[in-house]
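J.: So that we are looking at the same thing, I have put the structure below in structure tokens.
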């Protein structure tokens, strides 16, 4: 069977789909991954066929406008800004996607590529499987990811409506580009004003969720949906750590990891100074991650070490705690390592995962980026390093997650579905 995966977004958004594609290829499927041009080396290094989608998401995130919006944590404004960019390239994405998906037997897409994948699936009459890494299916069990989890006290209907609102925010930001692509490239009618979510093509097959049921259990009102476990992309087998990093790790007690991934900072030196002041207050050693446009500083003290790109799967089990932005993938890596977490959310689903970490008792309450101070960061670090009960809960949760195989579970579901696609031939799978 030939499978195309459409994954658009930051590196954290794309990595789980590379992991899923890698697992599918190992299971004997032909896999093609459609994503941004700047991820070509990452995709091909894991043995997957790469189909470039116009644009470099790293360059977009590093613009001054996007850095400012990220620091403010205004997801709606960020969505409108990225939607403007998406509208500009929607025609090129549709053209590239249409050619790349010809001859495919199945499409898989997350939120980032969902509407494009649906349009291509309709045009080519290919089954579409939704595969998400954060909650996107409406439920009465908990609020949508953009809303304060405290609104749960107003009841299930408010929760359900918050998910519908999330869908509308994302859809309305995508609607103009989707309409243009359907009309100019795919010769399809436009989707309804309020979105294509009722489309039979989105409900004919199961929805997969690539997070751990030990972290977020499947709600009872999610029908035809599977929470498979995380889709981890581990380091290549031949990866070796820099010698100076290993020397730092062995030179003292386990350090705290602090990094904010691809989240832009207008003043990275100021952020680094805040972090270093917090470390001075706690007396902790630390590994600082530079990220795409994040922390950087000259003349680091001996108790801090700056890294640029180190696989979380290798590093996190070697640290005392992790402090990060709360992206789904980084959160998953920290939880699997079994160490406590401090989440400093910028926007999007990051606050949701921060609150989930706190509710599970494996980390502190999240500290929104715009509320981050030296004192708050220092206090959070002291808590995750010194709270034995929290550390034990984190260790226990990590052990549970390490027993799960989300990729194998997802593949098993896909294998069972082959017989439900009679209009396609799977003789070569």
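Taken together, the values in this text are just the output of simple stated rules run on the coordinates, not laboratory data. Predicted, not measured: the structure shown is a model, and the values here were computed from it. Cβ placement follows ideal geometry from the backbone for every residue including glycine, while neighbour counts extend to all protein chains displayed.
J.: How high is the relative contact order of the chain, in percent, with contacts defined as C-alpha pairs under 8 Å that are six or more residues apart?
T.: 16 percent
J.: Output the 0 to 90 degree angle, nearest 10, between the alpha-carbon long axis of helix 156-184 and the longest principal axis computed from the alpha carbons of the chain.
T.: 60 degrees
J.: Test of understanding: in a Gaussian network model of the chain with alpha carbons linked when under 10 Å, which of 403, 137, 373 would top the mean-square fluctuation ranking?
T.: 403
J.: Using mean Cβ contacts within 10 Å as the protection proxy, how do 196-205, 168-177 order, highest first?
T.: Ranking, from highest mean packing down: 168-177, 196-205.
J.: Next question. GNM, the chain, Cα, under 10 Å: largest mean-square fluctuation among 180, 394, 109?
T.: Comparing 180, 394, 109 in the GNM, the peak value goes to 180.
J.: Roughly what would the spin-label model give for residue 402 and residue 373, points 7 Å off Cα along C-beta, in nm?
T.: Going by the 7 Å Cα→Cβ label model, 3.9 nm.
J.: Taking the Cβ of each residue in 93, 231 as the centre, tally the other Cβ atoms inside 10 Å and list the residues starting with the fewest.
T.: Arranged by neighbour count, lowest to highest, 93, 231 become 93, 231.
J.: Ok, one more. Which order do 53, 390 fall in if you start with the one that has the fewest other Cβ atoms within 10 Å?
T.: Going from sparsest to densest Cβ surroundings: 390, 53.
J.: Specify whether the C-alpha gyration tensor of region 243-403 places it in the rounded, prolate or oblate class, a ≥ b ≥ c being the square roots of the eigenvalues: rounded for a/c under 1.5, otherwise prolate if a/b is larger than b/c and oblate if not.
T.: Cα axes put region 243-403 in the rounded bin.
J.: Using a 10 Å cut-off around each Cβ, can you sort 25, 370 from fewest to most neighbouring Cβ atoms?
T.: Going from least to most buried by this count: 370, 25.
J.: Something else about it: Nearest 10 degrees is fine. How inclined is helix 75-101 to the longest principal axis of the chain, computing both from alpha carbons?
T.: 50 degrees
J.: A further question on this structure: Quickly work out the residue 303-to-residue 204 label distance, labels modelled 7 Å from Cα along the C-beta direction, and quote it in nm with one decimal.
T.: In this crude spin-label approximation the distance works out to 6.1 nm.
J.: How far, in degrees from 0 to 90, does helix 328-337 lean away from the longest principal axis of the Cα atoms of the chain, to the nearest 10?
T.: It is inclined by approximately 50 degrees.
J.: If I build a Gaussian network model for the chain, linking alpha-carbon pairs within less than 10 angstrom, which residue out of 374, 322, 339 has the largest mean-square fluctuation?
T.: The residue that fluctuates most here is 374.
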